Structures are given as C-alpha cells and as structure tokens.
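Report on the following structure.
What follows is calculated from the coordinates using simple rules that are stated; it is not laboratory data. It should be emphasised that the depicted structure is a prediction, and the values quoted were computed from it without experimental measurement. All Cβ positions, glycine included, derive from the backbone under ideal geometry; neighbour counts span all protein chains shown.
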C-alpha cells in the first residue's frame, strides 16, 4: 500500500532532513531502534526453533543431555510415527479440527446472522457469547470437566429436567453417555480403507471418531465460536444495507439474499476465521489438559499433550522435540501462505 | 477500524417487524445465551455451596445461602498465585506494549528496505506452537538464572508478546496521517522526538487495546507457567488452579470457587472495557 502520497511525503521528509544534514543518521536510526526486538525474535523464535529441530534429530532421549546426531538422522521421527499413541494423536487432531471448525465457524456465522436481524438486547447477547473468549482454557476446562463427568453434569441435568423420566414413560432407558470417560472409537474405517490402500494394514490406530473427543470439541467450540461470531459481525457491518434492500426488491427471500450475496461477500472473513481457528486447533493443549488429559486409551490425546509428556514427564527430549516440529510444520502450512498474502498487501 | 465500530453499531428499531420468524430468532438466541452462560452458572453456583450440602446430584441446584466454604477456602489456597499472576502480567504487558508502540511506529512511518519482511517475520512469532521453542527456552532461562521464578515469566511474556503488540500498533499508526509527521518534521522534530511528541499522545487508544488484550493473554497462559516455574509458591493462577483441580482430596466446591477467582480479573476487564478487548481481538486477526 505504498501510495503516491506516501512516496511524496517521504521525499518531502527526506528533503527536510537533507537541509538539516540529518539524513545519514536517521536512515540508520529506524533499523537501529528496531534491532532489540528483531534480535529478541531472531533468538527466541528462530534460533530456538533451530535448536529444537537439532534436538529432534539428536540422541538426547534421556535425562543426560546428548546432542550427538542420531543414526539414521530421522530415527526419532520414524520411531514416533510408528507409535500407536502418536498415530492416535494425529487422528484426534484431524477429528478435533474438523468437528471444531464445523461447530465454531458455522455456529459463529449462524449467530452473527441472527444478531444482524434487529433483535432486542443484541449487544447483551453478543457480549455473553463472546465472554468465554476472555477466560483461560484452564478455568473453563475445570468447569467442563465436571459438566461432562458422567456421574453428574449433563447426565444429572437430563434427570433434573425430567428427560429420563419421559424416556422411561416410553419404555426407553435413561440417556447416560460416558462422555469424557468413553474409550470407544466409532465409525472405524480401517477395513474399507485397507482395501483401497493396502499399507493401512500396518497402522495400529483405529481410524474413527473417539467418543471422548466429542465433549472436548463442544467445550472448545463453546469457547471460540464467539470469536467467529465477532469477526462475522464486523464483516456484516461493512456490507451496505442498500445491497440487501436491492436484493429484496428483486424478490429474493432473506435466505436467498444471505446465501447468494451476503455469505459470498464474507469470504475474506471466512478465510481469516478458518486460518486462525485451524492454527488454534493444531496447537490445542490447555483445555484438553485441564478437562481430561490423555483420556481413556489416548482417546483425547493430542500433539500438545504428547510433547508435554515426553519432554517434562519422560524427559525424552528428542521425541518431544520431534513432535513439536510436526506441530510447527502443520501450523506453518496454514499460516505462512496467509502471512505471505498479508505481506503482499502491505 | 470501521469494522470494529460496526460491532457495536446500534441498529435502528424495526419499523414493523413481527411474525413467526422474528420470534423464532429471539427464541434461538435465548437458548444460545443459556448455553453460553451455563458453564459460568455451574462455576458460580457450585463455588457458593458448602461441602456438607454438596452432593453430585445437586450440581444444578442453587446454593442454600451464601455462607458456603468454597470461596474462603479457594481464596486461602489460591490468593498467593493470584498475586503472582498480577506480578507477571502487569509489568510484562507494560513493557511489551512500549516495545510494540516503538516497533509499530518504525514499521509504519519509517519503512526501510526489507522492513515489511521483518514485520512479517516478527508476526510469525505469534502463531508458532510454543512447544517448539520450549527446550531452548528453558536452557536459556537456566543460563540467565531466570528459570523457576515468576520474573522469568515476565521476560518470557515480554518477548513473545512483541509480535501481537507490534501488529496492533503498526496497524494503528498506519492510519495516522503522514501529514502530521511531516508537519512535526518541518518544525524540526526528529524521528525520536516526533514519536514522543506526536505519536505517543495519539496512541492512547491503542495502548488501552494492547493493554487489555495482552493482560488477558498473559493472565490466561498455562504452558509457559507450568514449564518455566516448578515451585508452587511462584506459579501463576492457571497452574495453581489446575493443580488444585487435579488433587482428588480437594472438595470440588473449592475447585469451582477457584475457577471463578481465576477468571475475575479478565472477566472484569471484559465487562467494563469489552469494546477495547474486541478491537484487540479483531486486530490480532490482522483485519485492522
């Protein structure tokens, strides 16, 4: 966005400094003053990542620090991808990301559109929906842990609301899902997938939806759908009302107006929301840590928890580092194209 | 910031809007409010209960009076950690906001060859999974003598707060007209004096946004807190709450009261300064 006026103002500014003979000093002052932050980021982000990458291909697998390279170089990665637990983590990340994005993006868009319809107290409603975003995942995880505890929580609420009495009336048993304690993996697709891709036979992971992941996803969507809603509300505010009126005059229903005109116009917002929430989902740690941890049979284990366990529990630093590098690469795949596009627009 | 103000736009009252669809929308939104408030209700109500009354089948009931032991016990257990979180979050927020203001000013008004690339490289730092820097971070903090102390966390949060603070200030200063800076320079102000005399006074709203948003981010951190500080007396509130919650011997009314206590500072900021919080949130997603 280096506009003509910026260039011109730079010329005027340069002229002013030349007159005072300061140009040589000020040309170097800007990078000089940036240097401390640049240095801090260079060391604490890029150098540290480099060190982690080194550790991930080193023999540092015990308490004793050993930075000698492992042989073969990618041995730790090969070991990790062979572990059932890591395979479970990858499955869980995919399941969590898909469910979480579906719930929070669609939920956020839906709520934003409803709030755009001249409803009473919409400011209050927005504030309530976005409120969880201001809280820590630990605070909310502690609460959700009890809400999805099968001995109390929602199951108790079903009792209190008379749902189970009603079901008993119709001769059906009470609803008692095991929630975060459920070790089952439903809708397994190992067998059909193996027929198409024979190498799947070597995988230990049960490819399906771990039931304990569902309550975790609900909690995460509860906390972050407000973010999607806020982004969409900001976007809806920039769409001129005339456009909707014109569409209505052409005989379009409200539904058609949203589907054909408004939602396509919100595409840049949708991309931002998807990128941000996907990267949050790839990094998810605190919420699951406070709510369930690894879960029954690693049903809710994710790379973030794996890294923590391997580094600070087992002190297998190479394994933990390898897992964190996979997390970083996954995040970079999502974020780097997004940042590159932003850079072009600068 | 047009997008931001529209979040709070008050819509004119509908001229004549009723009918089934309208009531359906209102009904759905009421259900949404109940769903979003439900975990908060669980925390507050159970925090207020007494252990003697509290059984698992009463989770959804209102407390009998306000004399429960949850909050006093949670305060006893967690108040030192609440203080730690303040000691960490306040200085870290102030310093990273000042660094962000300087960086944002330079990167928007004093661009040089490669400065946009530097900005992007700095920004990447706010998206990385911090797991991927932890090994080196802990070794470095040990070497600097900062490992295991709350003030080590101050340093950590200042550095990893630089990207978001720089982003918010850069976008803010980019919208300040260049003419203001030119006028100051014609009057003889240099790069530094123009920053202090012209830009900083203008940047007050950005400081409020960054202050609230960064305070909330730091307050809510868990990963750095749990990996950098091992001594329970030095740990921030999130770590202490998680430890409390993981102890089976502790009465869970105390855990719920603790969850409420841990949320109070950021909740108050959100309730009273919510619009600044949302600006930070939207700016953080780079649509400033």
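Relative to one another, the C-alpha centroids of the stretch A:142-169 and the stretch B:155-227 are positioned 48 Å apart. The modelled label-to-label distance between residue A:254 and residue B:120, using points 7 Å beyond Cα along the C-beta direction, is 4.3 nm.
Rounded to the nearest 10 degrees, the angle from helix B:115-124 to the longest Cα principal axis of chain B is 10 degrees.
Cβ crowding within 10 Å, taken as a proxy for footprinting-reagent exposure, orders A:255, A:146 from fewest neighbours to most as A:255, A:146. Rounded to the nearest 0.05, the FRET efficiency derived from the C-beta distance between residue B:247 and residue B:87 at R0 = 22 Å is 0.35. The C-alpha atoms of chain B define a longest principal axis, and helix B:150-174 lies at about 50 degrees to it.
Under 20 Å from a point 7 Å along the Cα-to-Cβ line of residue B:26: which residues of the stretch A:85-129 have their amide N that close? Under cut-off, by backbone N: A:111-129. Using the Stokes-Einstein relation with a Kirkwood hydrodynamic radius computed over Cα pairs, the translational diffusion coefficient of the protein assembly as shown at 10 °C and a viscosity of 1.306 mPa s comes to 60 µm²/s. Note on the stretch A:193-295: Cα Rg divided by 2.2 N^0.38 Å, N the number of residues, gives 1.59. Taking A:239, A:335, A:147 in turn, the Gaussian network model of chain A (Cα-Cα springs below 10 Å) assigns the largest fluctuation to A:239.
Relative intensity of the stretch B:72-284 on a log10 scale, I(q)/I(0) at q = 0.12 Å⁻¹, equals -0.70, per a Debye sum over C-alpha point scatterers of equal strength in the absence of solvent.
Axis of helix B:237-246 versus longest Cα principal axis of chain B: the two differ by about 30°, to the nearest ten degrees. Computed from the Cβ-Cβ distance with R0 of 60 Å, the FRET efficiency linking residue A:27 to residue B:79 stands at 0.70. Comparing mean-square fluctuations of A:249, A:101, A:47 from a GNM of chain A with C-alpha springs under 10 Å, the top value falls on A:249. Note on chain B: GNM, Cα springs under 10 Å; of B:120, B:166, B:93, the largest mean-square fluctuation is that of B:120. With N the number of residues in the stretch B:94-207, Rg(Cα) / (2.2 N^0.38 Å) evaluates to 1.25.
Kirkwood analysis of the Cα pair distances in the stretch A:69-144 returns a hydrodynamic radius of 16.4 Å. Per residue, the convex hull spanned by the Cα atoms of the stretch A:244-346 measures out at 159 cubic angstrom. Spacing of the modelled spin labels on residue A:274 and residue B:193, each 7 Å from Cα toward Cβ, amounts to 5.2 nm.
Measuring r between the beta carbons of residue A:267 and residue A:246 and using R0 = 22 Å, the FRET efficiency lands at 0.65. Normalised Debye scattering of the stretch B:72-132 at q = 0.16, 0.17, 0.18, 0.23 Å⁻¹ gives log10 I(q)/I(0) of -0.72, -0.77, -0.81, -0.98, counting only Cα atoms as equal scatterers and leaving out solvent.
Here the simple spin-label model places points 7 Å from the Cα toward Cβ, and for residue A:239 and residue A:189 these points are separated by 3.2 nm. Calculated on C-alpha atoms, the gyration radius of the stretch A:87-345 divided by its Kirkwood radius gives an Rg/Rh of 1.03. Per residue of chain A, the DSSP helices (runs of n ≥ 4 H) give a summed -39500 (n - 2.57) that works out to -19500 deg cm²/dmol at 222 nm.
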